[in-house]
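What follows is a single structure, written as structure tokens, with notes after it.
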Ligand SMILES: CC(C)(COP(=O)(O)OP(=O)(O)OC[C@H]1O[C@@H](n2cnc3c(N)ncnc32)[C@H](O)[C@@H]1OP(=O)(O)O)[C@@H](O)C(=O)NCCC(=O)NCCS
């Protein structure tokens, strides 16, 4: 049985570490603002095993005028479970949460290789590619709700 539920920041490290910070110490998985009361973390569980995570930060980007914006960070699915629709379900959970919270816009920095995944889910990129040191090439992506 599969379920998406809210989890703690520390619990996300179980997936963030191998997928987003492989071979790096677990402390590198902590993001600024992870434990703010406004931050939400979702986990996708199959048979009580955590296999996918995504986090929502109350953070605006000055590119847009909308006052109610959120930033997605730490989107990750364990390698052996990728391309099975789990990432898609986590993004749907974020969109559902955002709509029910009256959020006007979702944005994030997308790794270049994940851009087609987000485009399939109705997100668009804006601007030119940029580098995040130690992680790689990124694009800013967004979706207006
Ligand atoms: C990117 C990621 C989160 C996607 O999650 P996922 O569970 O593998 O994706 P899904 O199976 O839900 O994919 C949904 C659709 O997007 C497609 N897709 C997924 N990843 C893709 C990719 N990298 N390139 C092209 N298409 C992709 C799937 O084939 C699927 O298409 P379909 O509906 O036509 O079958 C996951 O692969 C991952 O954790 N990757 C490594 C870390 C990473 O890059 N995170 C994003 C940081 S911004």
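Computed from the coordinates by the stated procedures, all read-outs in this text should not be read as laboratory data. What you see is a predicted model; the values in this text were computed from it and never measured. Backbone-built Cβ (ideal geometry, glycine too); neighbour counts: all protein chains shown.
At a 10 Å Cβ-Cβ cut-off, how would you order 44, 57, 81, fewest neighbours first? It would help to have the intermediate numbers written out before the result.
Numbers: 44 24, 57 21, 81 16.
The most exposed by this proxy come first: 81, 57, 44.
Between residue 26 and residue 126, how many nm apart are label points set 7 Å from Cα along the C-beta direction?
3.7
Please state the relative contact order of the chain as a whole percent: Cα pairs under 8 Å, 6+ residues apart?
Averaging sequence separation for qualifying contacts and normalising by length gives 19 percent for the chain.
Counting residues in the chain as N, plug N into 2.2 N^0.38 Å and put the Cα Rg over that result. Please report the intermediate quantities before stating the final value.
Details: Rg = 14.4 Å, N = 145, 2.2 N^0.38 = 14.6 Å.
Compactness ratio reported: 0.99.
Looking at the chain as a GNM with Cα springs under 10 Å, which of 76, 110, 129 has the largest mean-square fluctuation?
Top of the fluctuation ranking is 129.
Between the stretch 74-113 and the stretch 9-70, what is the C-alpha centre distance in whole Å?
10
Taking a ≥ b ≥ c as the square roots of the eigenvalues of the Cα gyration tensor of the stretch 51-126, is the shape rounded (a/c under 1.5), prolate (a/b larger than b/c) or oblate?
Working: a/c = 2.09, a/b = 1.58, b/c = 1.32.
Cα axes put the stretch 51-126 in the prolate bin.
Work out how much length residue 99 to residue 1 would gain on full extension: take 0.36 nm times their residue separation and subtract the Cα-Cα distance, in nm to one decimal.
Difference between extended and current length: 32.7 nm.
If I model a spin label as a point 7 Å beyond the Cα along the Cα-Cβ vector, how far apart are those points for residue 119 and residue 8 in nm?
Using points 7 Å along Cα→Cβ, the separation is 4.0 nm.
Once fully extended, how much extra length lies between residue 50 and residue 36, figured as 0.36 nm per residue of separation less the alpha-carbon to alpha-carbon distance?
Gain on stretching residue 50 to residue 36: 2.8 nm.
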